[in-house]
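Novice: Mind looking over this structure? Questions follow.
The values are calculated or read from the model by the stated rules, or taken from the named source; none is laboratory data. Every value quoted in this text rests on a predicted model; they were computed, and no experiment measured them. FYI the Cβ positions are ideal-geometry reconstructions off the backbone, even for glycines, and counts take in every protein chain you see. All accessible areas refer to the heavy atoms of the entire protein, side chains included, with ligands and DNA or RNA removed. Shrake-Rupley method; radii C 1.70, N 1.55, O 1.52, S 1.80 Å.
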Amino acid sequence: MKKRTALITGSTSGIGLGIAKAFAAKGYRLVLNGLEPDGAAIAGEVAGRAGVAYLFSAANMLNPEAIRQMVDEAAALFGGIDILINNAGIQHVAPIENFPDEKWYDIIGVNLHAAYHLTKAVWPYMREQQFGRIINIASAHGLVASEFKSAYVAAKHGLVGFTKTAALEGASFNITCNAICPGYVKTPLVEKQMDDQSRAHGIPESEVAAKIMLYKQAVKSFVPVEVIADMALLLAAEGSATITGTAIPLDGGWSAQ
Ligand code: NAD
């Protein structure tokens, strides 16, 4: 197999970090990104352990110019981008009536607009080489809604729609685009929600996991990061050209109901 390069946004924490480790273990060259203060060190450790070449960028996904610069710098270094994983995401839990406007715009910005800007930036490289795999980390909330998550649900539904359009436009260039829709995964994003969920639903924080998060999943356990990483590896593979335009739930049966 040709050495492939994967750009993963938000890859210095949680799901993105898990995906980065899995791709590193398979020998992919990595472009890592995230806002964690120790992001450069985390990236160095992930790539160093697997002995793969890498680039780290702290590009802010709210800044289209920074996104383009990251993609162009990576393409200049590695000769193109083969796999794009739009993973960076943020959340805020509050009723619509009290939802802070700036949180609404930031959530749509990071979870949806950034995926558009990144896809647009990598597209010429992928079209030129007649190979591209775009994987959007959406959510079960890209398929169904929950109360108090208006911005997030809107962004993730939008991301699923964008995935389908990119799949259609990419088909003749061997560019696929798919969305992975996880249920609850125990990451810093979910840990941070415990408090907001407890306030919004009026229940103690200790009851949030069982009563709110896992309540809708038929399988009552958090989705392991490794399961999402394995799905991303499958979608990124050379032989996965006919898997495109999908929104794949990895949600313990939540969206089956
Ligand atoms: P996380 O908070 O652990 O990681 C998010 C990453 O995104 C971090 O590296 C952070 O620095 C980065 N990020 C946030 N804002 C950014 C910005 N403006 N610019 C650049 N990077 C930015 O969260 P996670 O749980 O690993 O979530 C990853 C993705 O998975 C998100 O898109 C999230 O919506 C989705 N998801 C998570 C769950 C879950 O239960 N954890 C479920 C379904 C979908």
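Novice: Suppose only helical runs count, i.e. DSSP H with n ≥ 4. What mean residue ellipticity at 222 nm does that imply for the chain under -39500 (n - 2.57) per run, divided by all residues and rounded to the nearest 500 deg cm²/dmol?
Specialist: One gets -13500 deg cm²/dmol as the mean residue ellipticity at 222 nm.
Novice: Can you give the local net charge around Ile81? Use residues other than it whose beta-carbon is closer than 15 angstrom to its beta-carbon, Lys and Arg +1, Asp and Glu -1. Mind showing how you got there, number by number?
Specialist: Values: positive: Lys2, Lys3, Arg4, Arg29, Arg68, Lys120, Arg127, Arg133; negative: Asp72, Glu73, Asp82, Glu128.
The answer is +4.
Novice: Would you grab the residues whose amide H sits under 5 Å from the one on Thr176? Only those 5+ places off in sequence or on another chain, please, with H modelled 1.01 Å from N.
Specialist: The answer is Gly132, Arg133, Ile134.
Novice: Separate question: Starting from the Cα of Lys3, draw a straight line to each of the lysines and keep only those under 18 Å, dropping any in the same chain fewer than 8 residues away.
Specialist: Lys21, Lys26
Novice: Still on this structure, I have one more. Over the chain, average the accessible area per residue using a 1.4 Å probe and give it in Å², no decimals. Write out the running numbers ahead of the final one.
Specialist: On the way: 11200 Å² over 257 residues.
Result: 44 Å² per residue.
Novice: I'd like the distance between the alpha-carbon centres of region 41-101 and region 199-251, rounded to an integer number of Å.
Specialist: Value for the Cα centre distance between the two parts: 21 Å.
Novice: What percentage of the solvent-accessible surface of region 55-134, computed with a 1.4 Å probe over protein heavy atoms, is contributed by carbon and sulfur atoms? Let's see the in-between values first.
Specialist: On the way: 1920 of 3690 Å².
Ligands and nucleic acids excluded, carbon and sulfur reach 52 percent.
Novice: So, one more: Could you tally the net charge around Gln91, taking each other residue with its Cβ under 15 Å from the Cβ of Gln91, Lys/Arg +1 and Asp/Glu -1?
Specialist: Working: positive: Lys103, Lys149, Lys156, Lys186, Lys192, Arg199; negative: Glu102, Asp106, Glu147, Glu191, Asp195, Asp196.
With Lys, Arg at +1 and Asp, Glu at -1, the neighbours total 0.
Novice: If you take every residue apart from Ser139 with its C-beta less than 11 Å away from the C-beta of Ser139, what net charge results, scoring Lys and Arg +1 and Asp and Glu -1? Mind showing how you got there, number by number?
Specialist: Numbers: positive: Lys149, Lys156; negative: Asp251.
Within the 11 Å Cβ shell, the charges total +1.
Novice: Also, I was wondering about something else. Over the residues of the chain, compute the C-alpha Rg and express it relative to 2.2 N^0.38 Å.
Specialist: Working: Rg = 17.6 Å, N = 257, 2.2 N^0.38 = 18.1 Å.
The chain yields a ratio of 0.97.
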